[in-house]
Structures are given as C-alpha cells and as structure tokens.
Ligand SMILES: [Fe+2]
Ligand SMILES: [Fe+2]
C-alpha cells in the first residue's frame with residue numbers, strides 16, 4: 001500500500017484527506033502500470049486524473065487554512081510548494097490533452113507525482129504537525 | 001567549503017532515505033572511482049552564489065529498489081516512470097541542500113533535473129569537486145559535486 005501510518009499528522013481532517021489522496025494516487029498508478037493496452041487504460045486513467053486535479057486543490061486549500069489557524073510560520077513557503085505542484089499538474093494535463101493522450105507524458109507525470117507526494121507528506125507536511133505539537 | 005558541501009549533501013540524502021524509503025542504515029565514504037555497469041545518471045544544475053552541477057549516479061538495481069519501496073509495485077526496467085521518480089528524488093535532495101545553504105547565507109537555485117550521459121572526457125575544472133558514495137541496504141548511489149563560487 002502507498003499510505004504508511006507514520007505519515008499521520010494527528011490532525012483528523014488532514015489525515016483523512018491524505019489517506020484519500022494516497023488511495024486515489026495508488027489506483028491511478030495501478031492503472032498506469034498495468035499490462036493493458038494504453039487505449040484500454042485511458043478512460044479510468046483520465047477519470048482518476050480529473051478527480052485528483054480537483055482534490056489536490058481542495059486539500060491544499062484546507063491544509064493552508066489549518067496552517068493559518070495555528071499561525072504556522074512556514075505558511076508562505078509551504079503555500080509556494082503547493083502552488084508549484086498545482087502549476088505542474090495543470091501544465092502536464094494541458095500538454096497531455098494537446099498531445100491526444102500521450103502515454104510517455106503520463107508515465108513521466110506518475111513517477112514524479114509518486115516521489116513528490118511521498119516527500120511532501122512525509123517531510124514537509126510533518127513540519128506542520130511538529131510545530132502544532134511544540135505549540136501545544 | 002568542500003567539506004561543508006560534502007556533509008550537506010550526505011545529510012540531505014540520508015534524510016530523504018529515512019523519510020521517503022524508511023531506510024536509516026546509511027553509510028558514506030568519499031569515492032574517486034565509483035564503478036557501476038548499468039546506471040541512471042541525473043544532473044541537477046546549480047546557479048547563484050555557487051554555480052555548476054550535481055550528478056547523481058543511481059545504479060539500475062538501486063533505482064528499481066527505491067521505486068519499488070515507494071510504490072509497493074514491482075519494476076524490472078528503468079523506463080520513463082522510474083527515471084522520472086528518480087529524477088524527482090535528485091531534485092528533492094538538491095532542494096534540501098539549497099535550503100540548508102541559504103541558512104548560512106549562500107543563495108543558490110537549482111535547475112530542473114535532467115537525464116545525463118556521463119562523459120569521461122569532461123575535464124572541466126571546478127573549485128569544489130568531490131564525489132561521495134552512499135551505501136544502503138538497497139544499493140549504492142554516487143553523488144558528484146562540481147561547483148564554482150560565483151565571481
Ligand atoms: Fe498535504
Ligand atoms: Fe502540504
């Protein structure tokens with residue numbers, strides 16, 4: 001499974017969103033990496049991609065609101081990371097549609113998304129929880 | 001300076017292995033002749049107070065193991081997906097080092113990671129040139145640090 005319990009922040013709303021996000025990314029990767037032909041994978045893949053695009057924006061927004069509520073000092077920098085990812089996702093999906101659903105573009109996206117998401121949740125989001133704990 | 005950069009890259013790599021792959025047993029030694037038959041090489045350009053590049057040499061087996069741990073899926077060849085996941089890891093390690101450097105008032109940015117062809121004839125001289133071999137239970141990687149101070 002993609003999700004690991006040590007990614008938990010101890011903030012129920014954020015943890016629930018992270019789990020949902022990981023579940024969707026995992027099913028996206030499973031379809032992306034399956035042996036089926038590209039044509040066969042496309043409908044499911046595009047559906048998950050569309051869901052993720054919306055869900056990521058929603059989650060980033062809620063997480064930023066939580067940071068504001070605890071006066072997290074890394075708020076601005078963290079917001080930049082989120083914006084960077086949203087920009088990347090938008091750029092890839094635009095290229096992907098323009099290319100008429102090129103497989104290599106999606107494989108490249110999937111690999112980067114995997115590493116980015118794990119690092120972001122395991123390292124950068126954890127700093128929010130560390131701060132919240134210290135603050136008490 | 002060479003020593004500090006060497007340390008910063010080792011620390012950043014250890015942190016990434018620990019947090020992303022849950023591997024804490026990581027050792028390191030300077031390495032002048034890292035040998036590997038089949039590897040994925042990623043270059044990350046550096047601009048700013050320091051200028052140059054970092055070359056990350058990931059043996060194929062190390063790369064496949066890393067992506068396997070992250071995804072829980074089996075991979076048997078370095079394809080576009082694997083190369084992209086590994087490139088992002090090189091990007092993350094480099095980015096973490098740039099943050100550490102900015103704490104000591106050295107301001108640098110990194111360029112997007114690119115796949116790279118090692119060139120044995122590239123004998124361009126760098127003020128800061130050091131190689132480090134990082135050993136873990138899922139394999140080794142080698143980092144080649146090549147930087148000049150901006151004049
Ligand atoms: Fe998050
Ligand atoms: Fe976040």
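Structure values in brief
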{"quantity": "Taking chain A and dividing mean pair separation by its residue count, relative contact order in percent (alpha carbons under 8 Å, at least six apart)", "calculated": "34"}
{"quantity": "Cβ neighbours within 10 Å from other chains - mean over B:17-27", "calculated": "2"}
{"quantity": "Convex hull of Cα atoms in the range A:1-80, direction-averaged projection (nm²)", "calculated": "6.2"}
{"quantity": "For the protein assembly as shown, alpha-carbon Rg and Dmax in angstrom", "calculated": "19.3, 57"}
{"quantity": "Value of relative contact order over chain B, rounded to a whole percent, pairs C-alpha under 8 Å and six or more apart", "calculated": "37"}
{"quantity": "Likely footprinting exposure, B:33, B:41, A:130, B:79, fewest C-beta neighbours within 10 Å first", "calculated": "B:33, A:130, B:79, B:41"}
{"quantity": "Computed lengthening from residue A:83 to residue A:23, 0.36 nm per intervening residue step minus Cα-Cα distance", "calculated": "19.4 nm"}
{"quantity": "Average other protein chain Cβ within 10 Å of Cβ, residues B:67-74", "calculated": "5"}
{"quantity": "Shape category assigned to the range B:53-127 from the gyration tensor of Cα positions, a/c cut at 1.5", "calculated": "oblate"}
{"quantity": "Sequence of B:17, B:75 once ranked by neighbouring C-beta atoms within 10 Å, starting from the fewest", "calculated": "B:75, B:17"}
{"quantity": "Along principal axes, Cα extents of the range B:2-149, largest first, whole Å", "calculated": "42, 35, 27"}
{"quantity": "Most mobile listed residue (B:91, B:121, B:76) in chain B, GNM with C-alpha springs under 10 Å", "calculated": "B:121"}
{"quantity": "Net lengthening on full extension, residue B:124/residue B:2 (0.36 nm per residue, minus Cα-Cα)", "calculated": "42.2 nm"}
{"quantity": "Cβ neighbours within 10 Å from other chains - mean over B:131-141", "calculated": "0"}
{"quantity": "Listed residues B:120, B:12, B:85, most fluctuating in chain B (Gaussian network, C-alpha, under 10 Å)", "calculated": "B:120"}
{"quantity": "Helix-only [θ]222 nm of chain A, DSSP H runs n ≥ 4, -39500 (n - 2.57) each, per residue, nearest 500", "calculated": "-27000 deg cm²/dmol"}
{"quantity": "Residues A:1, B:73, B:98, B:66, sorted so that the one with the fewest Cβ neighbours within 10 Å comes first", "calculated": "A:1, B:73, B:98, B:66"}
{"quantity": "Rule-of-thumb Rg ratio for the range A:11-135 [Cα; 2.2 N^0.38 Å; N residues]", "calculated": "1.14"}
{"quantity": "Contour minus Cα-Cα distance for residue A:6 and residue A:34 (0.36 nm per residue)", "calculated": "7.3 nm"}
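Readers should treat all values here as calculations from the given coordinates under stated rules, not as data from a laboratory. A quick note: this is a predicted structure, and the numbers were derived from the prediction, not measured. Note: ideal-geometry Cβ built from the backbone for every residue, glycine included; neighbour counts use all protein chains shown.
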